[in-house]
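For reference, the structure discussed in these notes is given below.
The values are calculated or read from the model by the stated rules, or taken from the named source; none is laboratory data. None of these values were measured; they are calculated from a predicted model. A quick note on method: Cβ atoms are made from the backbone with ideal geometry, for glycine too, and the neighbour counts reach across all protein chains shown.
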Amino acid sequence: MAEPRTRRLSVIGILVASLLLTLFGRLYYVQVLDPHKPKQTADLLHQGQFAVPAPRGQIVDATGRPLVTNRPTHAVTVDRETLLEQPDQGAAVLARLAKVLGTPERDLAQEITPCGVHVPSPCWTGEPFQPVPVATDASTATVLAISEHRELYPGVAVQTQTVRDYPGGTLAAHVLGYTGAVSADDEKHDPKLNDADTIGRSGLEEQYDSVLRGTDGAQVLQLNPQGYSVGTVSDIPAQPGDTLVTSLDRNVQSLAEQSIRAQIAASRKAGKPATSAALVVMDPNTGRIVAAASYPTYDPQVFVGGISVADYRKLTAPSAHDPLVSRAIAGQYAPGSTFKLITSSSIIMHHEATLGGTYPCPPSLSVDGRVKTNFESESPGFPLTLGQALKISCDTWFYAFAANEYYADQQRTDAGKKPNEYLQHMASSFGVGTPPGVDLPADEQASGSYADRETRLARWKANRTKYCADAKRGFPDEPNPAQRAFLTKLAAENCTDGWRYRAGDNADMAIGQGETTLSPLQLAVAYSAMINGGTLWRPTLGRAVVDAHGKVVREINPTVKAKVPVSRSVLKYFANQLRFTPDHSVSGALAFDTAPYKTGIGGKTGTAEVFGQQDTSWLASWGPVGASGKARFVVVGMVEQGGTGASSAAPMVRKVYDGLLGAGRPQVLAGGRPEATLPTITPAAQVTTSAPRSQPAGTRPASPTRGPVSPSPTRGPGSPSPARGPVSPGPSGTPDVTPTFGPRR
Amino acid sequence: MTLLARDPAAPMRLGPSRVLRPQRIRRGIDVVLCVTTLALALIGAVLVWSATRSRLADEGSNPQGYLYRHLGNVGIGVALAIIAARVDVRRLRTIGPLLYLGSLLGLLAVFAVGTTINGAHAWIMLPGGMELQPSEFMKLGLIAGLAVMFTQWRGSDRAMLRPATPDILLAIGLITVPLVLIMLQPDLGSAMVLAATAFGLLIAADVPARWTLGLIAVGALGVFLAIKSGVLADYQLARFRVFANPGHDPRGAAYNVTQARIAIANGGLFGRGLFQGPQTRGAFVPEQQTDFVYSVAGEEFGLLGAGLIIVLFAVLCWRGLRIAARADRTGRLLAVGVVCWFAFQAFQNIGMNLGLTPVTGLPLPFVSYGGSSMFAQSLAVGLLIAVDRYATTRRPVV
């Protein structure tokens, strides 16, 4: 018989054995037998969607030459995961990388460490699974060094991103505009946008943002609760943006900008401040803009990847004279005598004068108790026809009509009737006071302005208190005593009589002074209407939208805004009268003296006085005029503080014609006329976002093995760079999948 | 003289007692026991490594940090075991009560200077970042204390070598005090192990069946009342509810169970391979290096690896019981206590990994990361060896 002790031990042994056998049985069931084995449930894994930014479409000129393209940049990224798997936790790799990048190794190590409570800045603020960019826009040498010795750089990858590139530098910068990073506001406005996108912030980039942006691809990754990728769920490639074909001609634009620079230099040499200038070249028959140049300008490249504070300060400094303002389209200036086209139209169409009649052109005229003189008190000493008055730009000739019109209106108002305000209505008919409707953002096109009774009264009502307070206070902050006295007097006058529209105001308007303003583009549109028989265009810059396969998605055609209420014969009369003749009877013709095409050109100068500044110099011109009476171009030039129209704007405009028509300099435009046909946009060969990489670097494959370091394939520097020839629209550079998640530094 | 010891079988007596001459050690060290224990500890090192490397890397720490610390614990454990193995078991008569009292003091100290981790006020922070969990040592202390008590205090029933009622009541008292203290922390898992170990000891000590069965009834009643009266903490009740119905709250209390279960279930026969378990790599299982270390074995080494651990525990228990079978009474009780401790704690821990037992914060002996348990269990193994080395005669030399 077993001793009790032994029996008890057996009991214990059986108990223990049964416990362990139970465990084994359960283990066997759970691992082998269980027919309902639990799987890794999807709700514990979650999906992360990451945008694959689409390369923006190109902007090309009327012949398909690129104005805005894309440029690949190489970013060097480091995958911490892979580094940490190295025997030395990546110390050697970091050391090599630091040497190649020229960054201290310690800085690199800090940069790639995810931020945490105990991790001081600089640290990685993105998701832990993301490869950390340690160098953006890396040099070719760096890229080569890394790519040629992949084995030395496990976890280090070169990623290619596309950014905006401006082959013409500052060429047409104002019109093309710039892009910026998507802000929270933008995302609210358009939920499809994301941080990875760039968005047009001005110019055509903003106006045609939706077609240029393309459709972002989406990469959906399976993430574990820690945010590490365990697989790719789906990968939708990005659709690159469409190409915008514009009516701009790169050569003409370049010529216009050269002409402006040359004239600015010449005017400054002649002692004029010549702070800014603008040129608009337009096809009067189609309403298409061939060139729109403004000075000063800026380099849109500074906005790529976000403008630096220093650059922004430089651009917004007072001494820079607002280079971001597109003066040709968004600037508005007193048009001076160029406005007489509108005044003349009003006078003739309302039968205040006849085309054959002659009217006086005295040296001076007293209007409403104020003596108004001609420019330098010139007078031929005999009455003039309208044509003659336009040619020599006799101001007093027009004053008389404006004053008479004013007095007639006053009688009407005294009689309780509405004033006719013929001049104002004619100005409005020529588009003054309304946006020109060019295909640019609304805040980048000036409407121009003029004064009338109603607006004067409304403004006075709104500002009376301020006028009166200013008059009382004087302008103690104004250092110049003369200016101070003038401002105070003006304020006093405005306080009491600011509501009053005077005869002098109407006279001022008649010669494009006073409160009359126009943008160079508006003037070009108005003169286009004159030379094309009365069609007031909504001018356009866009010509067509072409997709990545070269298919024309949409043609953009200018629309007619209005027909000016002036008969063809009258418009033809103006054009004929202002046509340059071999002599100098038309003001401004002097500048075209040696040009072989001189008599094919017509033009009206303007010299607008600006209080406290030098005159604004204008020339609104058209030509060459064919047998049908149609002109190929309308060219409007403006030089702020440039002096008379004939001395500053005219020579500037002449240089443009020289180039357009190939006189004295190489012809910049084939056939000397605006491009009529759409260029063939070849399918962008390399536009594909099917990145060879199915997972971004730094993700962990779920099974079965992670394998050795898999360098994320990028477009190596050895692969041929896509041609960026004159007619190769489509984003240059292979748009690599660049999962830009999380905040960027 | 250090080699002189009191007769362990002699009744407790104040004043000088008979001094025995030390006997020659007849047996060597139980190599199988040592190898088994070391194998468990080293398997534990690999599992702890696998469980922690990716999350350490994510934190930017040394991915081998836990591995090194676990190996350090193993080293200290080996040293402790060697020291314990050199103890003359006849000294247990003095060492046992001291161990018991010392552990009890440690438990009391927890209430004075302890720290709360994972809801249990069970740790004492030592300078230098060390943490001590006195309840782990209490298990050993209780075993040693009871072993000595049942030897020394045999009451009236000397002839039968069976404990009499006073002995049993004293034993119940000795069990109840630490049990209550541990319940107050509250550390339900340790309390359960303590109770189960003590129960095994009572059986081994020839306590009459009416007592042992009666205690089971009383215990069941106690558990019932504890649940009803709200003595148990909410999280403990939640764990029990999860145990009863694992699908009930997969994101909350059942999360551990579900994740561990997924890991083990997908291990299959051969496992995913070291470092390749998605659940482990993805750090889905909380506390995976401690209480749920078994799920790493299940996922990455499959039935073979996880089964091997159970087999190793079986070998451990077998060797322990073998030692018990040929030891003297004190040694036998000590060995049985240690075997019950290891077996029940392993059962409880592996069971909760497999969804067999409710989740209680208990490490898997030798395998889980954790210093206190490793040290206490190493000491226990050392004492087993000591028992085996010294208690070579069946009856005391009188």
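Restricted to the stretch A:9-55, and to residues there that are of a type in the set (Gly, Ala, Ser) and modelled with pLDDT of 75 or more, the residue that is farthest from A:Asp235 (Cα to Cα) is A:Ser10. Could you say whether any residue in the stretch B:301-311 is under 25 Å from A:Leu21 (Cβ atoms), touching a Gly at 6+ places or on another chain (Cβ under 6 Å) and among the β-branched types (Val, Ile, Thr)? No; the residues of the stretch B:301-311 include none that is under 25 Å from A:Leu21 (Cβ atoms), touching a Gly at 6+ places or on another chain (Cβ under 6 Å) and among the β-branched types (Val, Ile, Thr).
Restricting attention to the stretch A:595-623, which residues are among the β-branched types (Val, Ile, Thr) and either part of a strand (DSSP E or B) or touching a residue at least 60 places away in the same chain (Cβ under 8 Å) (or both)? Give the steps one after another, and end with the answer.
Initial filter on the stretch A:595-623 (among the β-branched types (Val, Ile, Thr)): A:599, A:601, A:605, A:607, A:610, A:616.
Correct list: A:Thr605, A:Thr607, A:Val610, A:Thr616.
Applying the condition of being among the aliphatic types (A, V, I, L, M) and at the interface with chain B (Cβ under 7 Å from one of its Cβ atoms) to the stretch A:16-39 and asking which residue is surrounded by the fewest Cβ atoms within 10 Å (Cβ to Cβ) yields A:Val32. Restricting A:Ala353, A:Ala446, A:Ala389 to those that are part of a helix (DSSP H, G or I) and touching a strand residue (DSSP E or B) at 6+ places or on another chain (Cβ under 9 Å) reduces the list to A:Ala389. In the condition set (1) part of a helix (DSSP H, G or I); (2) in contact (Cβ under 8 Å) with a residue 40 or more places away in the chain; (3) more than 15 Å from the chain's Cα centre (by Cα); (4) more than 30 Å from B:Arg389 (Cα to Cα), B:Phe275 is compliant with all but (1).
Here A:Lys572 meets each of (1) over 26 Å from A:Gly671 (Cβ atoms); (2) at pLDDT 90 or above; (3) not in a strand (DSSP E or B) with one exception, condition (1).
Does B:Ala325 meet the test of being facing chain A (nearest Cβ under 8 Å), more than 15 Å from B:Trp49 (Cβ to Cβ), surrounded by fewer than 21 Cβ atoms within 10 Å (Cβ to Cβ) and under 15 Å from the mean Cα position of the chain (by Cα)? So that I can check it myself, show each step before the final result.
Working: facing chain A (nearest Cβ under 8 Å): yes; more than 15 Å from B:Trp49 (Cβ to Cβ): yes; surrounded by fewer than 21 Cβ atoms within 10 Å (Cβ to Cβ): yes; under 15 Å from the mean Cα position of the chain (by Cα): no.
Taking the combined requirement at face value, the residue does not satisfy it.
Remark: pairs (first residue in the stretch A:131-153, closer than 12 Å to A:Leu97 by Cβ; second residue among the aromatic types (Phe, Trp, Tyr) and part of a loop (DSSP other than H, G, I, E, B); Cβ separation under 8 Å; 6+ apart in sequence or on different chains) = A:Ile146/A:Tyr153. In the stretch B:19-43, the residues that are closer than 24 Å to B:Phe292 by Cα form Cβ pairs under 6 Å with partners that are at pLDDT 55 or above and assigned to a helix (DSSP H, G or I), at six or more places apart or across chains, as follows: B:Thr36/B:Leu312; B:Thr36/B:Val315; B:Thr36/B:Leu316; B:Thr37/B:Val381; B:Ala39/B:Leu312; B:Leu40/B:Leu312; B:Ala41/B:Val74.
Of the strands (runs of 3 or more DSSP E) that lie entirely inside the stretch A:150-222, those containing 2 or more residues that are out of contact with any helix residue (DSSP H, G or I) (no Cβ under 8 Å at 6 or more places or on another chain) and at pLDDT below 85 span A:156-165. In the set B:Leu308, B:Leu316, only one residue is in contact (Cβ under 8 Å) with a residue 60 or more places away in the chain, within 25 Å of the chain's Cα centre (by Cα), more than 9 Å from every other protein chain (Cβ to nearest Cβ) and more than 30 Å from B:Ile175 (Cα to Cα); that residue is B:Leu308. The requirement of being closer than 19 Å to A:Gly504 by Cβ and either surrounded by fewer than 15 Cβ atoms within 10 Å (Cβ to Cβ) or not aliphatic (A, V, I, L, M) (or both) is fulfilled somewhere in the stretch A:375-387, by at least one residue. Filter the stretch A:335-366 for residues that are touching an Asp or Glu at 6+ places or on another chain (Cβ under 8 Å) and under 18 Å from A:Ser587 (Cα atoms); which is surrounded by the fewest Cβ atoms within 10 Å (Cβ to Cβ)? Per the stated criteria, the residue is A:Pro363.
Of the residues making up the stretch A:448-495, just one is of a type in the set (Val, Ile, Thr), surrounded by 14 or more Cβ atoms within 10 Å (Cβ to Cβ) and closer than 30 Å to A:Thr434 by Cα, namely A:Thr455. Restricting to the stretch A:561-579, what's the tally of residues that are touching a strand residue (DSSP E or B) at 6+ places or on another chain (Cβ under 7 Å) and touching a residue at least 40 places away in the same chain (Cβ under 8 Å)? Residues that pass the stated criteria total 6. The set of residues in the stretch B:266-296 being of a type in the set (Gly, Ala, Ser), surrounded by 20 or more Cβ atoms within 10 Å (Cβ to Cβ), at the interface with chain A (Cβ under 10 Å from one of its Cβ atoms) and closer than 21 Å to A:Gly25 by Cα consists of B:Gly267, B:Gly271.
Answer yes if at least one residue in the stretch A:272-281 is buried (at least 19 other Cβ atoms within 10 Å of the Cβ), more than 27 Å from A:Pro318 (Cβ to Cβ) and more than 14 Å from every other protein chain (Cβ to nearest Cβ), and no otherwise. The answer is yes; a qualifying residue exists.
Can you find a residue that is more than 26 Å from B:Leu142 (Cβ to Cβ) and either at pLDDT below 85 or not small (Gly, Ala, Ser) (or both) anywhere in the stretch B:37-45? Write out each step before concluding.
So the first thing to find is which residues in the stretch B:37-45 are more than 26 Å from B:Leu142 (Cβ to Cβ), and the list is B:39, B:42-43, B:45.
Next, from what is left, pick out any that are either at pLDDT below 85 or not small (Gly, Ala, Ser) (or both): B:42-43.
Yes: one or more hits.
The residues in the stretch B:272-328 that are among the hydroxyl-bearing types (Ser, Thr, Tyr) and either farther than 25 Å from B:Gly371 by Cβ or modelled with pLDDT of 90 or more (or both) can be counted, and the count is 2. For the stretch A:410-427, the criterion of being acidic (Asp, Glu), assigned to a helix (DSSP H, G or I) and surrounded by fewer than 20 Cβ atoms within 10 Å (Cβ to Cβ) is met by at least one residue. May I ask you to verify whether B:Val89 is modelled with pLDDT of 85 or more and in contact with a helix residue (DSSP H, G or I) (Cβ under 8 Å, 6 or more places away or on another chain)? It is false that B:Val89 is modelled with pLDDT of 85 or more and in contact with a helix residue (DSSP H, G or I) (Cβ under 8 Å, 6 or more places away or on another chain).
Looking at B:Leu269, B:Leu221, B:Leu237, can you tell me which residue is outside any loop (DSSP other than H, G, I, E, B), at pLDDT 75 or above and of a type outside the set (Phe, Trp, Tyr)?
B:Leu221
Taking the conditions (1) touching a helix residue (DSSP H, G or I) at 6+ places or on another chain (Cβ under 6 Å); (2) in a helix (DSSP H, G or I); (3) at the interface with chain A (Cβ under 10 Å from one of its Cβ atoms) in turn, B:Asn349 satisfies each one other than (1). Only one entry of A:Gly227, A:Gly231 meets the criterion of being touching an Asp or Glu at 6+ places or on another chain (Cβ under 6 Å), modelled with pLDDT under 90, within 14 Å of another protein chain (Cβ to nearest Cβ) and surrounded by fewer than 24 Cβ atoms within 10 Å (Cβ to Cβ), and that entry is A:Gly227. Might you let me know whether the stretch B:374-393 holds any residue that is at pLDDT below 95 and within 13 Å of another protein chain (Cβ to nearest Cβ)? No: the stretch B:374-393 contains no residue that is at pLDDT below 95 and within 13 Å of another protein chain (Cβ to nearest Cβ).
Residue count for the stretch B:102-116 satisfying the condition of being surrounded by fewer than 20 Cβ atoms within 10 Å (Cβ to Cβ) and either in contact with an Asp or Glu (Cβ under 9 Å, 6 or more places away or on another chain) or touching a residue at least 40 places away in the same chain (Cβ under 8 Å) (or both): 3.
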